[in-house]
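To start, the structure under review is shown below, and the notes come after it.
Just so you know, all these numbers are worked out from the coordinates, no wet-lab data involved. On a predicted model such as this, the values are computed, not experimentally measured, just so you know. FYI the Cβ positions are ideal-geometry reconstructions off the backbone, even for glycines, and counts take in every protein chain you see.
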Amino acid sequence: MTPTELLLLLPAPLHAALFFAALYMIGALLTGVWKWRSMLSASDGIAHKYVDIAHHAALHYGPFILLAGVLASFWPFESVFGAWILVEIMGWTMVLSLSRYVMLGIKGTISNQLHRPTGSAKLGLIFFFFGSVLPGLAITIGAIIGIWPGLPGVPF
């Protein structure tokens, strides 16, 4: 079986999740090199806070979106709203968040964007909530509903 044939056997949410996980892996590698170079050039050996945050975000978003894709594969409400759409929304929201961290790291002037939040920071938090937290909750609750009948015994 070829990799393409194998990929076609995977559920649609997992396709989207694999795409975003690959983006985050590239982001983690690139921001890791950036963090390393920043640490080497800093007098105290510590990278700028948002260089560090960008690297950690890329490292965390990859496995998170993969888990979301696996959970979304158990989505029982196919006719209501495709779970792959939720994975797409989450993926692109995290891309925007990561790009914000990268931009703050490039500027290097800010150490806490929420200390005196700008309008864009407040809008970004709202966007992240509606673009990642709510879809993530929907995917998780849908997966629990989809998995529940197949669980052996009574879990609770």
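The order of 130, 64, going from fewest to most other C-beta atoms within 10 Å of their C-beta, is 130, 64.
Computed 3J(HN,Hα) for region 114-124, one whole-Hz value per residue from the Karplus formula 6.51 cos²θ - 1.76 cosθ + 1.60 where θ = phi - 60°, is 9, 5, 10, x, 7, x, 5, 5, 5, 5, x, glycine and proline marked x. Which residue fluctuates most in the GNM of the chain (Cα springs below 10 Å): 131, 91, 108? Judging by the Gaussian network model, the answer is 108.
Within region 121-141, whose backbone N sits under 11 Å from a point 7 Å along Cα→Cβ of residue 96? Answer for this model: 123-132.
Residues 5, 88 in ascending order of nearby Cβ atoms (within 10 Å, fewest first): 5, 88. What FRET efficiency, computed as 1/(1 + (r/R0)^6) with R0 = 25 Å and r the Cβ-Cβ distance, is obtained for residue 60 and residue 116, rounded to the nearest 0.05? Working from the Cβ atoms, E equals 0.45.
The alpha carbons of region 32-145 give a radius of gyration and a Dmax of 16.8, 57 Å, in that order.
Sorting 95, 133, 102, 51 from the fewest to the most surrounding beta carbons within 10 angstrom yields 133, 95, 102, 51.
Averaging Cα coordinates gives a centre for region 103-124 and one for region 1-64; these two points are 21 Å apart.
Modelled this way, with points 7 Å down the Cα-to-C-beta line, the labels at residue 2 and residue 41 are 4.5 nm from one another. Take the Cα of residue 107, step 7 Å toward its Cβ, do the same at residue 70, and the gap between the two points is 3.7 nm.
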